[in-house]
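In what follows, a single structure is set out as structure tokens and then discussed.
The values are calculated or read from the model by the stated rules, or taken from the named source; none is laboratory data. Computed from a prediction, not measured in an experiment: that's the story for all the values here. Ideal geometry is used to build each Cβ from the backbone, glycine not excepted, and the neighbour counts take in all protein chains shown.
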Ligand code: MG
Ligand code: ZN
């Protein structure tokens, strides 16, 4: 019984997600679903990304959060179009929330849409939002066992950002073990080792996004 209900929810979600994906493709908008644990540094990475790219392309942001609008306020300060979605305790965004958000902010002329999901490594992997790519953020303070414990979110990501590299010496995080596990789980993913607060390693991520936005823009 429970399984059937879940299948219904997911198939309804998938239908809406493909409608979103269709809109993104008509508008030549590259959409990123940014996923990660709370405190992994998603919003800091997002801020740095927006600061680096906002002069080159039109960007909009959807901020998913359990309750507050603190993250959206941080984004707004950068002069970026942002819509806050509060899930009031819900642990993931779904496609209908994204549809409502893009209807409200309008995505005409937008080239890059970044959707920051609720901090959670489990169900955001199951709910397609219509994005072009999932990017998963995790950090060295969370432990090198995370990829094997939460394989789906790492398998489905096209980009993985391993954050807080600057404090690696103060942790027992085994960088080569984590890299090996990630390569085994997801051999084709692009792995970025970064320190969002110092900016280390981020330029490769910016270039990667520039390439994605450019090729989406060229598709007819
Ligand atoms: Mg955040
Ligand atoms: Zn959830």
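General remarks:
- Being buried (at least 17 other Cβ atoms within 10 Å of the Cβ) and either modelled with pLDDT of 95 or more or within 20 Å of residue 57 (Cβ to Cβ) (or both) is a property that residue 216 has.
- Filter result for residue 118 (in a loop (DSSP other than H, G, I, E, B) and either under 16 Å from the mean Cα position of the chain (by Cα) or more than 15 Å from ligand 2 (Cβ to nearest atom) (or both)): yes
- Scanning region 52-74 for residues that are over 15 Å from the mean Cα position of the chain (by Cα), touching a residue at least 12 places away in the same chain (Cβ under 8 Å) and within 16 Å of ligand 1 (Cβ to nearest atom) returns 66, 67, 68, 69, 74.
- Those residues of region 146-175 which are within 15 Å of residue 189 (Cβ to Cβ), assigned to a loop (DSSP other than H, G, I, E, B) and in contact with a strand residue (DSSP E or B) (Cβ under 7 Å, 6 or more places away or on another chain), in sequence order: 156, 157, 158
- Test: residue 85 is free of Cβ contacts under 8 Å to residues at least 24 places away in the same chain and over 18 Å from the mean Cα position of the chain (by Cα): no
- The set of residues from region 12-46 being on the phi < 0 side of the Ramachandran plot, within 13 Å of the chain's Cα centre (by Cα) and not in a strand (DSSP E or B) comprises 37, 38, 40, 42, 43, 44, 45, 46.
- Test result for residue 76, more than 16 Å from ligand 2 (Cβ to nearest atom) and out of contact with any strand residue (DSSP E or B) (no Cβ under 6 Å at 6 or more places or on another chain): no
- Of the residues in region 138-149, at least one is touching a helix residue (DSSP H, G or I) at 6+ places or on another chain (Cβ under 8 Å), surrounded by 20 or more Cβ atoms within 10 Å (Cβ to Cβ) and within 21 Å of residue 75 (Cα to Cα).
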